[in-house]
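The values are calculated or read from the model by the stated rules, or taken from the named source; none is laboratory data. For clarity, every value in this text was computed on a predicted model and none was experimentally measured. Ideal geometry is used to build each Cβ from the backbone, glycine not excepted, and the neighbour counts take in all protein chains shown.
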Amino acid sequence: MTFDKMRENLKLTLSRERFRHSEEVMNEALRLAEFYKVNIEKARIAGLLHDCARDAGKDEIYKVFEKYNVVLDDIQKKTPVLLHSILGSFYAREYYGVEDKEILDAIYWHTTGRAGMTMLEKIIFVADYIESGRNFEGVEEARKQAYKDIERCIVICCDLTIRYILQKGKLLHPYIIETRNEAITQIEAKKLNLAQTE
Ligand SMILES: [Fe+2]
Ligand SMILES: [Fe+2]
């Protein structure tokens with residue numbers, strides 16, 4: 001499927017605001033991909049499609065999961081927002097003809113992140129937070145760090161989500177904690193490396 005066709009199809013399935021968000025995540029992902037020397041085409045498609053299943057209904061979600069034998073953990077079952085990224089990776093393949101595993105994984109992990117993310121996964125995770133329409137407190141610092149030290153940007157994004165979840169008294173998925181722990185570990189390792197070479 002051509003990129004223009006993907007864009008056209010996506011526009012038909014998402015609300016106007018979600019489509020705007022998707023395009024802005026794509027634009028940010030393109031800039032980050034260029035900066036970190038990641039495949040531009042993969043970043044473009046993953047950015048555009050990351051929320052392609054965001055407006056799917058509950059019945060549809062479970063139908064697809066059943067078809068592909070997706071096993072959810074207890075927290076995922078109780079936290080519907082975590083499901084759109086998993087579903088999105090199946091939608092991208094089924095409805096947009098995406099076969100590339102790196103793109104599908106970047107969509108799959110964009111909500112929580114994971115320990116051991118690829119650079120493309122990091123880029124989509126971060127772009128989702130810092131796209132130009134976002135205006136949460138600290139977004140400017142997150143944007144700055146995205147192009148300076150992406151791990152620091154990941155920590156800011158995780159902190160924001162974790163704080164929000166705590167405030168709301170909702171369930172916190174361990175993946176996001178693992179994402180944050182790994183980013184901090186990498187920041188510390190870099191510091192140590194620098195100190196040793198000085
Ligand atoms: Fe999303
Ligand atoms: Fe998003």
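Check whether at least one residue in the range 131-141 is more than 13 Å from ligand 1 (Cβ to nearest atom) and β-branched (Val, Ile, Thr), and report yes or no. Yes: one or more hits. Of the conditions (1) more than 14 Å from the chain's Cα centre (by Cα); (2) surrounded by fewer than 20 Cβ atoms within 10 Å (Cβ to Cβ); (3) not aromatic (Phe, Trp, Tyr), Leu10 fails just one. Which one is it? Evaluating Leu10 over (1) more than 14 Å from the chain's Cα centre (by Cα); (2) surrounded by fewer than 20 Cβ atoms within 10 Å (Cβ to Cβ); (3) not aromatic (Phe, Trp, Tyr) leaves (2) as the failure.
Residue pairs whose Cβ atoms lie under 7 Å apart, sitting 6 or more positions apart in sequence or on different chains, and linking a residue in the range 123-151 that is free of Cβ contacts under 8 Å to residues at least 60 places away in the same chain and closer than 18 Å to Lys190 by Cα to a partner that is of a type outside the set (A, V, I, L, M, F, W, C) and away from ligand 1 (no atom under 16 Å from the Cβ), are Gln145/Arg152; Glu151/Gln186. Scanning the range 133-156 for residues that are in a loop (DSSP other than H, G, I, E, B) and away from ligand 2 (no atom under 13 Å from the Cβ) yields Asn135, Phe136, Glu137, Gly138, Tyr147, Lys148, Asp149.
Cβ separations smaller than 9 Å between residues 6+ apart or across chains give the following pairs from the range 68-91 residues that are touching a residue at least 60 places away in the same chain (Cβ under 8 Å) to residues that are within 16 Å of ligand 1 (Cβ to nearest atom) and among the aliphatic types (A, V, I, L, M): Ile75/Leu82; Gln76/Leu82; Gln76/Leu83; Gln76/Ile86. Within the range 179-190, residues that are assigned to a helix (DSSP H, G or I) reach partners that are hydroxyl-bearing (Ser, Thr, Tyr) and surrounded by 14 or more Cβ atoms within 10 Å (Cβ to Cβ) with beta carbons closer than 7 Å, at six or more positions or on different chains, in the pairs Thr179/Thr112. Leu104 - would you say it is surrounded by 17 or more Cβ atoms within 10 Å (Cβ to Cβ) and over 12 Å from the mean Cα position of the chain (by Cα)? Answer is no for this residue.
Is it fair to say Ala33 is aliphatic (A, V, I, L, M) and within 14 Å of ligand 1 (Cβ to nearest atom)? Spelling it out, it is not the case that Ala33 is aliphatic (A, V, I, L, M) and within 14 Å of ligand 1 (Cβ to nearest atom).
Could you identify the single residue in Ile45, Ile61, Ile40, Ile75 that is out of contact with any strand residue (DSSP E or B) (no Cβ under 7 Å at 6 or more places or on another chain), within 16 Å of ligand 1 (Cβ to nearest atom) and modelled with pLDDT of 95 or more? Walk me through how you get there before you give the answer.
On the way: Ile61 fails: modelled with pLDDT of 95 or more; Ile40 fails: within 16 Å of ligand 1 (Cβ to nearest atom); Ile75 fails: within 16 Å of ligand 1 (Cβ to nearest atom).
Ile45 is the lone residue from the list that is out of contact with any strand residue (DSSP E or B) (no Cβ under 7 Å at 6 or more places or on another chain), within 16 Å of ligand 1 (Cβ to nearest atom) and modelled with pLDDT of 95 or more.
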